[in-house]
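The values are calculated or read from the model by the stated rules, or taken from the named source; none is laboratory data. For clarity, every value in this text was computed on a predicted model and none was experimentally measured. When we count neighbours, we look across all protein chains shown, and the Cβ atoms used for this are built from the backbone with ideal geometry, even at glycine.
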Amino acid sequence: MTKETPSPADCPRTEARRAQILDAAENCVREYGFHRASISKISKASGMGAGHIYHYFANKEAIIAAIVAREVERLLTLTAEVQAAENMLEELVLRTESGVLGNLDSHAAGLKLEIVAEASRNPAIAEIVRAADSRRSAGLEETLKALRQAHGLANDAATIATLAEVIAAMFEGLMVRAIRNPAADRQLIVRKFQQLIRAMVLG
C-alpha cells in the first residue's frame with residue numbers, strides 16, 4: 001500500500017498518530033503476546049481503524065520496528081547527554097539509576113522480553129532487534145572509549161567492545177529479574193550497579 005508523504009504542516013499530527021498507534025501496540029503486545037496482538041486488537045486499543053493504521057505502518061513488523069527504534073532513540077539521547085557533560089564519568093554513574101529502574105519495571109520488561117522472544121524465532125524481528133542493538137552499542141562504545149582515554153586507560157576496540165557487551169548484559173539481565181523477583185530492593189541494586197559501572201570503566 002502506497003503511503004502519502006505528509007506535508008510539513010501535517011508532521012506534528014502524523015507523529016502524534018504514530019505515537020498513538022505505538023502506545024496501543026505496546027499495550028497489546030504486553031497483554032496478548034506478539035502473535036495475538038493483531039492489527040485488529042491494535043486498532044481497537046488505539047481507537048483508529050485498521051485502514052488508518054496501514055496508512056502509517058505497512059504491517060505489524062513495521063510497528064515493532066518503530067517501537068524498538070523509539071527505545072533506541074531514547075538511549076541515544078541519553079548517550080549524547082552523557083557525552084556533553086563536563087564530567088562524563090559522574091554523569092554516566094548518575095544516569096545508571098534511570099537505566100536500572102527502567103529495566104526493573106516489570107511492565108516495560110514484559111514488552112521488551114516479548115520482542116526478544118519473537119526475535120529468537122522470527123528472522124524479520126531478529127534483524128530489527130540486532131540492527132537496533134548495533135546502534136545502541138556504537139553509542140555506548142563511543143562513550144566508554146572517550147572515558148577510558150581521558151583516564152589514560154586502554155581503549156582498544158576489543159577492550160571497549162567487551163566492556164560494552166558486559167554492561168549491556170548486566171542491564172538486560174535486570175529485565176528477567178524484574179519478572180522473577182519484583183520485590184527486589186531497587187535502590188540497593190542501583191547503588192551496586194553504580195559501583196560496578198565506575199569500577200568497570202576505570203578498571
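Tabulated data
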| quantity | calculated |
| --- | --- |
| Any hit, region 143-158, residues being part of a helix (DSSP H, G or I), crowded, with 16+ Cβ neighbours inside 10 Å, charged (D, E, K, R) and free of Cβ contacts under 8 Å to residues at least 60 places away in the same chain | yes |
| Given (1) assigned by TED's automatic domain parsing to the domain that holds residue 135; (2) modelled with pLDDT of 95 or more; (3) among the β-branched types (Val, Ile, Thr), index of the condition residue 42 fails | (1) |
| Residue under evaluation residue 25, criteria (1) modelled with pLDDT of 95 or more; (2) closer than 30 Å to residue 192 by Cα, criterion not met | (2) |
| Helices (runs of 4 or more DSSP H) contained in region 59-127 and holding at least 1 residues among the basic types (Lys, Arg), outside the structural domain of residue 23 (by TED's automatic domain parsing) and without any contact (Cβ under 8 Å) to a residue 40 or more places away in the chain | 60-84, 88-103 |
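So that you can scan it fast, the table gives a plain yes or no per residue for (1) of a type in the set (Lys, Arg); (2) surrounded by 12 or more Cβ atoms within 10 Å (Cβ to Cβ); (3) within 30 Å of residue 28 (Cβ to Cβ); (4) in contact with a Leu (Cβ under 8 Å, 6 or more places away or on another chain):
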residue: 96; (1), (2), (3), (4): no, yes, no, no
residue: 110; (1), (2), (3), (4): no, yes, yes, no
residue: 115; (1), (2), (3), (4): no, yes, yes, no
residue: 130; (1), (2), (3), (4): yes, no, yes, no
residue: 138; (1), (2), (3), (4): no, yes, no, no
residue: 177; (1), (2), (3), (4): yes, yes, yes, yes
